[in-house]
Amino acid sequence: MVSRVVDAPRELVFEAFTEVRHLARWWGPDGFTTTTRAFEFRVGGEWEFVMRGPDGTDYQEWITWTGIAPPERITLRHGEFRDDPNAFETVLTFEPEGAGTRVELRTVFPTREARAEAVEKYHAVEGGRQTLGNLAAYVTGGAGATGLSPAAGAARAAGGAPVTGVSPVAGSAHVTDGAGERI
């Protein structure tokens, strides 16, 4: 599990996961870019995309949404391609915490070996932390991001222009395998 408190309302944080125009701006670890080939945010819909790493390596990715409960929860299956035997299940939850939102990303891998590869070869825990850090920066407009912000969401709802701000966040991380073991 990777968890982070984002200094923004739950509806705004949830929105950042639902539209490709937002995801393209923050999805992935530091230094990665995301190029979308197909995107349909609905249960059974798919997101096909390429993540380019800082070293220029391309990573083919595929996600299908298995459950959507705005603004509380998103469940998905994520692999390199549609029938990937190593695809993993992820549950994202969005819980109000003070004036912000706690985002939890809980991932279960099909095998211990798949989990070990994700953690050791692809640095999944640190990548998850960085991804949620990029989300927080995008949503709050911090760290040079020009994205969503609580004020922007309120202004958008009122028909006004977006405003951005910067706020500190905190987080923790664990990864589980198919048996639910934490490491």
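Listed values for the range 3-8 are Karplus-derived 3J(HN,Hα) couplings in whole Hz (6.51 cos²θ - 1.76 cosθ + 1.60, θ = phi - 60°), namely 9, 7, 8, 10, 7, 7, and x replaces Gly and Pro. Judged by the ratio a/c of the largest to the smallest principal axis of the C-alpha gyration tensor, the range 14-79 counts as prolate, that ratio being 1.5 or greater while a/b is larger than b/c. Does the range 1-150 classify as rounded, prolate or oblate by the C-alpha gyration tensor (a ≥ b ≥ c root eigenvalues; a/c under 1.5 gives rounded; else a/b over b/c gives prolate, otherwise oblate)? Rounded is the answer for the range 1-150, as its axis ratio a/c remains below 1.5. A Förster radius of 35 Å, combined with the Cβ-Cβ distance separating Arg112 from Arg37, puts the computed FRET efficiency at roughly 0.65.
A crude spin-label estimate for the pair Glu95 and Tyr59, with each label 7 Å from Cα along the Cβ direction, gives 2.7 nm.
Each reported figure results from applying straightforward, stated rules to the coordinates on display, with no laboratory input. Owing to the predicted nature of the structure, the values given are computational and were not obtained by experimental measurement. Note that each Cβ is placed from the backbone with ideal geometry, even for glycine, and that neighbours are counted across all protein chains shown.
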